[in-house]
Amino acid sequence: MCMQAKFGIIEIPRSIESARENARLAEEHGFDMVGVADSQSLFRELFVTLSVIGGATERVVIGPTVTNPLTRHPAVMASGLASIQEIAGGRAFLGIATGDSAIYNLGERPRGLAGLKEYIQALRRLFAGEHTEFGGKPIHTRWIGGLDQPQVPIYIAAEGPKTLELAGEIADGVFCGMGFSPDVAKVTLDHIRTGAERAGRTLDDIDIWALGRVNVGEDRAALVSEIRMELASTAHHAFRFTQDGKLVPPQFADAIREVQQGYKPSHHEDLGESPNAQLMQDPELLAYMVDRFAVLGTPEECVAQIQRIREAGIHQILFTGFVDDRPGLIENLGRHVFPRCRN
């Protein structure tokens, strides 16, 4: 089966107005998904932003990319997402992981996979209008059962073998953050397949997206420099708990640990010469991170890189694209890259 290429973009709501306009622009230029980052200490509130985006768009699917199982009780999360589903006419999804900047900026630690699984299982029952338990206590959202909309699909953002397998086992979809290179894509799909088989499912039952960075233009050095803080963020969380099973070349193991030790969640995804951008000074590490985690270069180079990802078996890509001229990036991708990937 030849799958259609699809593309999404994550919006960091630095203002409600910019989030709305960027979402409308993304829909106009052929994006299929618009996600919204959830980090209460750094950006505008998630559900307020999604409500505005839901009213400003007609076609794209919208949802958190990604939230966590700590800052909102599952009943609060279920009620919020079901409300977005109503506003957006059935276009909502939930993206979730164990937690990053939203958690660290509260002085907390991410939930483990067992906690994430319990949270998702509670959400599923709440989305179905059922009474259930969470943390040993009864919970419900009685109005959701009467909502004339499909249940909100749940995507897990995964960057390691165990999380990928959990996604294959219980999620409707997965945002795969291990990288874009063909060898990484193969291992990624193998882990998702392993989890799926545990639950009697196949890869065809799971909506699989690659997740990574993007920048388009003619000056490669400038493109790389502009997303150094994104690459530092990737080094911080993609290899956070362990490097085992994540295909890290031995020569970069110590350099990645140094980035992790110096990473400041209070400056997560800050543009410009942020403290996190300054962590990415090693040219060899920088080149490795770009090659593995980014689609970057001229439109022609980006098309070729996307084609390699598709040849490896992943046909949908969710980009971050946290750059100064975000509208320009959206337009560049929509006009000069995506049409050639879909032909």
Problem - the chain: angle of helix 253-262 to the longest principal axis, Cα-based, in degrees nearest 10 - result: 60
Problem - segment 102-118 - phi-based ³J(HN,Hα) in whole Hz, Karplus 6.51/-1.76/1.60, Gly and Pro as x - result: 4, 7, 4, 6, 9, x, 9, 10, x, 6, x, 5, 5, x, 5, 5, 4
Problem - Given (1) 20.2; (2) 22.1; (3) 20.7, the label whose value is Kirkwood radius over Cα pairs in Å derived from this model - result: (1)
Exercise for the section: Find, among the trypsin sites (Lys or Arg not before Pro) in segment 133-195, those assigned to loop by DSSP (not H, G, I, E, B) with at most 15 other beta-carbon atoms within 10 angstrom. Expected result: R142
Exercise for the section: Could you please rank I192, I144, placing first whichever residue has the fewest other Cβ atoms within 10 Å of its Cβ? Expected result: I144, I192
Exercise for the section: Quick one: angle between helix 16-28 and the longest Cα principal axis of the chain, in degrees between 0 and 90, rounded to 10, please. Expected result: 80
Exercise for the section: Treating the angle as unsigned and between 0 and 90°, give the value, to the nearest 10°, between the Cα long axis of helix 283-293 and the longest Cα principal axis of the chain. Expected result: 40
Exercise for the section: Under 18 Å from a label point 7 Å along Cα→Cβ of K137: give me every residue in segment 104-119 with its amide N that close. Expected result: 115-116, 118-119
Completion exercise
Listed with the fewest Cβ neighbours within 10 Å leading, V66, V61 appear as V61, V66
Handout entry: Euclidean distance of C-alpha centroids, segment 7-73 and segment 301-343, integer Å
Key = 19
Problem - Span from the segment 81-123 Cα centroid across to the segment 262-284 one, whole angstrom - result: 26
Problem - Antiparallel DSSP beta bridges within the chain, as percent of all bridges there, nearest 5 - result: 10
Practice task
Report the FRET efficiency, 1/(1 + (r/R0)^6), for R109 and R198, where r is their Cβ-Cβ distance and R0 is 25 Å, rounded to 0.05.
Solution key: 0.40
Practice task
List the lysines whose Cα lies under 17 Å from the Cα of K137, skipping any in the same chain that are fewer than 8 positions away.
Solution key: K117
Practice task
Figure the gain on full extension for Q251 and E300 (residue separation times 0.36 nm, minus the Cα-Cα span) and round it to one decimal in nm.
Solution key: 14.6 nm
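Read-outs: derived from the displayed coordinates by stated rules, not from any lab. Note that the structure is a prediction, hence the values are computed from the model and not measured. Because the Cβ atoms are built from the backbone with ideal geometry, glycine has one as well, and the counts that use them run over all protein chains shown.
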